[in-house]
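Chemist: What follows is a single structure, and I will ask about it in a moment.
Computed from the coordinates by the stated procedures, all read-outs in this text should not be read as laboratory data. Just so you know, these numbers come straight off a predicted model, no measurement behind them. Note: ideal-geometry Cβ built from the backbone for every residue, glycine included; neighbour counts use all protein chains shown.
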Amino acid sequence: MMSIKEQIKQAIEQLVDPSTQKTLGEQQSIRHLAVDEKDSIVTLIIAIGLTKGPEEKTLSRQLAKLIKIDYKFRGIKLQFEQLPSKEELDTPAKKTTYIAITSGKGGVGKSTVTANLAVALARLGKKVGIIDADIYGPSIPHIFEMKKEGFQLASNNKIYPPKAFDIPVISTEFFLENDQPLMWRGPMLNRMLNHFFNDVEWDENLDFMLIDLPPGTGDVAIDIQKLIPEAHVIVVTTPHPTASHIAVKSGYMAKNLNHHILGVVENMSYYQNPVSHAHEAIFGSGGGELVANALNVDLLATLPIGQPQNNLSHSIFTPTEEIGVAYLGLANKLLKAFK
Ligand SMILES: Nc1ncnc2c1ncn2[C@@H]1O[C@H](COP(=O)(O)OP(=O)(O)OP(=O)(O)O)[C@@H](O)[C@H]1O
Ligand SMILES: [Mg+2]
């Protein structure tokens, strides 16, 4: 049985936006959909080609009929948003390859991998940007030890993304007061991501944009992935087999969204005993391979447990440290994949 939410979603996707003559499904108009069965209310944010005109009125009537008459909800909260124009969709850049880092489970090292992979790609001469899409738990600025400074504005009023290690980064962290929790919900989150794409002055010549996804396979991650055009996905997992099923799930989700899975990175794979140099499988073994097999993709890297042993940063490895070399290997594999 399909859930009510799924039924409503499918019904909405059939409606046609009069300003574009496309179905709402085709143009991915549903920016937010929450179904509150207890209070009998449906909350919607719909992006259409032309807002504030007769087209919006027509759709507004059709949606109200659908929710209140067909599905018998008491109330509908409806908001319209402007779809980005074609030119806007073409930026940040057509040549940029988007790579989202996902895991399903939290705390497996997505953000650490994102930051170090970005640095490794940059060391190989590529132009890389990072979108920290972990809206509720942003950590890229911490990993890069970025200081909070004001934004520089471009002449078109877009903001220049702050840089660390020569890598432009955007993160909700930059918009927060010190250590304040973020109380935003879905709709705000979607808007924040739109800002990250459309109101930030990204270099048109970026080769790669890495996107650090939040943990989980829930609605949030789905919303985020929908906003990302033609994303490739790297699944990060730990070696413990029992932790791998949730990573597989996040991979399936990416597949369902027609995103291409590049492969799996197994993080915290082993500990290299500093005396005997033996590899000790502290957190179990086989998880990365399990996930790669389940998703029918390659295991791209196995990264050992370890912290940077340098004065550069508490989370970024130098290119000569063992783990730094492993990151260069991963970056090289990606460059080959996109040649
Ligand atoms: N290979 C590793 N060896 C040792 N510690 C690691 C390794 N990778 C990550 N860590 C540490 O594990 C913690 C979690 O890493 P990180 O924040 O990158 O994970 P995450 O998957 O992004 O977490 P979240 O789900 O909270 O976003 C951090 O303290 C990080 O320094
Ligand atoms: Mg993280």
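Chemist: Principal axis lengths of the stretch 274-320 from Cα atoms, whole Å, largest first?
Modeler: 40, 24, 16
Chemist: Hey, another quick one. Among the lysines, select those whose C-alpha is under 16 Å from the C-alpha of Lys148, and discard any that sit fewer than 8 residues away in the same chain.
Modeler: Within reach: Lys163.
Chemist: Pull up the cross-link candidates among the aspartates and glutamates for Lys110, meaning alpha carbon to alpha carbon under 12 Å and not fewer than 8 places away within one chain.
Modeler: Within reach: Asp132, Asp134, Asp212, Glu266.
Chemist: Mind checking which lysines have their Cα closer than 16 Å to the Cα of Lys38? Skip sequence neighbours fewer than 8 apart in that chain.
Modeler: Once the sequence-local lysines are set aside, what remains near Lys38 is Lys5, Lys68, Lys72, Lys77.
Chemist: Determine the shape class of the stretch 4-83: with a ≥ b ≥ c the square roots of the Cα gyration tensor eigenvalues, call it rounded for a/c under 1.5, and otherwise prolate if a/b is greater than b/c, oblate otherwise.
Modeler: In terms of gyration-tensor shape, prolate.
Chemist: While we're looking at this one, here's another question. Once amide H atoms are built 1.01 Å from N in the peptide plane, which residues 5 or more positions from Ala100, or in another chain, come under 5 Å H to H?
Modeler: Under 5 Å from the amide H of Ala100 lie the amide H atoms of Ile211, His232, Val233, Ile234, each far enough along the sequence or on another chain.
Chemist: If you stretched the chain out fully between His195 and Glu13, how much longer would it get, using 0.36 nm times the residue separation minus the C-alpha to C-alpha distance?
Modeler: Residue separation times 0.36 nm, minus the Cα-Cα distance, leaves 63.1 nm.
Chemist: What are the residues whose amide H is under 5 Å from the amide H of Asp298, where those residues sit 5 or more places off or on another chain and H is modelled from the backbone?
Modeler: So Asp298 has HN proximity to Val264.
Chemist: Calculate, in nm to one decimal, what Leu78 and Val325 gain on full extension: separation in residues at 0.36 nm each, minus their alpha carbon distance.
Modeler: 83.8 nm
Chemist: Given points 7 Å out from each Cα along the Cα-Cβ axis, report the Gln27 to Ser3 separation in nanometres with one decimal.
Modeler: Label-label distance for Gln27 and Ser3, simple model: 2.7 nm.
Chemist: If you don't mind, there's one more thing I want to ask. Do the sum for the chain: with -39,500 (n - 2.57) for every DSSP H run of n ≥ 4, divided by all residues, what is the mean residue ellipticity at 222 nm, to the nearest 500 deg cm²/dmol?
Modeler: Mean residue ellipticity at 222 nm (helix-derived): -9500 deg cm²/dmol.
Chemist: Evaluate the chain: find the radius of gyration of its Cα atoms, find its Kirkwood radius, and give the ratio Rg to Rh.
Modeler: Rounded to two decimals, Rg/Rh equals 1.00.
Chemist: What trypsin sites (Lys or Arg not before Pro) in the stretch 91-147 are in a loop by DSSP, with at most 15 other Cβ atoms within 10 Å of the Cβ?
Modeler: Lys94, Lys95, Lys147
Chemist: Please list 3J(HN,Hα) in residue order for the stretch 322-339, calculated via the Karplus relation 6.51 cos²θ - 1.76 cosθ + 1.60 where θ = phi - 60°; whole Hz, with x for glycine and proline.
Modeler: 3, 6, x, 5, 4, 5, 5, x, 4, 4, 4, 4, 5, 4, 5, 5, 9, 5
Chemist: Still on this structure, please answer the following. Give me the net charge of Phe73's neighbourhood, meaning all other residues with Cβ under 10 Å from the Cβ of Phe73; Lys, Arg count +1, Asp, Glu -1.
Modeler: The answer is -1.
Chemist: Moving on to the next point. For Glu145 and Asp39 in the same chain, what is the full-extension length gain: residue separation times 0.36 nm, less their Cα-Cα distance, in nm?
Modeler: Here the segment from Glu145 to Asp39 would lengthen by 33.7 nm.
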